[in-house]
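Asks: There's a structure below that I have some questions on.
The values are calculated or read from the model by the stated rules, or taken from the named source; none is laboratory data. All of these numbers come straight from a predicted model, not from anything done at the bench. All Cβ positions, glycine included, derive from the backbone under ideal geometry; neighbour counts span all protein chains shown. The area values use the complete protein model at the heavy-atom level, side chains included, leaving out ligands, DNA and RNA. Shrake-Rupley method; radii C 1.70, N 1.55, O 1.52, S 1.80 Å.
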Amino acid sequence: MALSPTAAQRRVIAAADPATGRLKGTEAQLAALVKRGLAFRHPRPPHDHFLTPAGHRIREAGGEPDGVTVAPETPAAPDAGGVFAARVGGEEAAPGGTGPARLREVRGAWQGLLELRRMTHPDGSTDRPCAWERSHLVRAAALALEAAGHRPAGPDGGEGYRVRATPQPEAVAVYEPDGTALRGCAATLERAGWHVGEHTEPRTRARYLLASPRKV
């Protein structure tokens with residue numbers, strides 16, 4: 001579990017840049033935040049420190065972390081080491097609960113992912129997926145959908161999106177029985193930097209999206 005920050009560390013978190021999460025503080029303060037999983041040290045010079053999604057949640061809430069397990073020095077790998085699990089739809093037990101805490105968690109993870117894009121793309125762009133997303137296709141697409149407010153399907157099916165892996169390299173399938181909602185999912189993924197096409201399954205005639213991360 002994330003260790004609760006001290007009052008001095010909370011002041012450092014509160015003073016972080018609201019857009020990028022860049023931190024200022026003493027080396028000891030920053031190292032302590034990294035140890036608690038609330039900050040990470042950028043691997044490239046000048047090795048600045050930034051808030052992790054858990055750190056962003058504390059800053060936004062103005063209080064303590066919501067008991068979310070975090071992995072130190074993981075910039076924004078939203079499903080690595082139990083840090084965050086985006087809802088892919090159809091889960092028996094929805095990860096992360098519901099309500100305001102879940103909303104903060106989703107928003108923090110999405111902002112962390114945008115920051116990871118900025119840091120890892122040579123041009124600093126945030127308009128297209130990064131290498132982490134291309135190696136975690138289902139989770140990345142699901143995070144984009146959940147962060148935009150789309151509803152995941154429940155365990156018994158019905159309305160809501162479901163993101164699934166496909167045999168095709170670098171492509172996921174997105175199912176949503178409501179046609180209007182399916183087109184809304186397509187628009188969200190396109191804005192998030194994915195190539196999206198709508199298709200029909202030959203056997204069931206169900207409409208679905210085939211989405212792949214844009215590289216340029």
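Asks: For the stretch 119-135, how many residues meet the condition of being crowded, with 16+ Cβ neighbours inside 10 Å and among the acidic types (Asp, Glu)?
Replies: Result for the stretch 119-135: 1.
Asks: Give me the pairs: first residue in the stretch 130-142 and more than 12 Å from Ala86 (Cβ to Cβ), second residue open to solvent by 10 Å² or more (accessible area, probe 1.4 Å), beta-carbon distance under 8 Å, and six or more apart or on different chains, which are they?
Replies: Cys130/Leu116; Cys130/Thr120; Cys130/His121; Ala131/Thr120; Trp132/Ala77; Trp132/Leu116; Trp132/Thr120; Arg134/Glu170
Asks: Search the stretch 200-216 for residues being in contact (Cβ under 8 Å) with a residue 60 or more places away in the chain and among the basic types (Lys, Arg), and hand back the single one that is surrounded by the most Cβ atoms within 10 Å (Cβ to Cβ).
Replies: Looking at residues that are in contact (Cβ under 8 Å) with a residue 60 or more places away in the chain and among the basic types (Lys, Arg), I get Arg214.
Asks: What number goes with the only condition from (1) at pLDDT 85 or above; (2) farther than 30 Å from Arg59 by Cβ that Gly157 does not pass?
Replies: Exception for Gly157: condition (1).
Asks: While we're on this one: For the stretch 165-199, what are the residues that are surrounded by fewer than 16 Cβ atoms within 10 Å (Cβ to Cβ) and either in contact with a helix residue (DSSP H, G or I) (Cβ under 6 Å, 6 or more places away or on another chain) or more than 23 Å from Arg151 (Cβ to Cβ) (or both)?
Replies: Hits for the stretch 165-199 are Ala165, Pro167, Gln168, Pro169, Glu170, His195.
Asks: Quick check on Arg183: is it farther than 16 Å from Ala86 by Cβ and assigned to a loop (DSSP other than H, G, I, E, B)? Step through it out loud before you land on a result.
Replies: Working: farther than 16 Å from Ala86 by Cβ: yes; assigned to a loop (DSSP other than H, G, I, E, B): no.
In short, no.
Asks: I'd like to check something: does the stretch 116-135 contain any residue that is within 22 Å of Ser4 (Cα to Cα) and either modelled with pLDDT of 65 or more or among the charged types (D, E, K, R) (or both)?
Replies: Going residue by residue through the stretch 116-135, those that are within 22 Å of Ser4 (Cα to Cα) are none.
No, the stretch 116-135 contains no residue that is within 22 Å of Ser4 (Cα to Cα) and either modelled with pLDDT of 65 or more or among the charged types (D, E, K, R) (or both).
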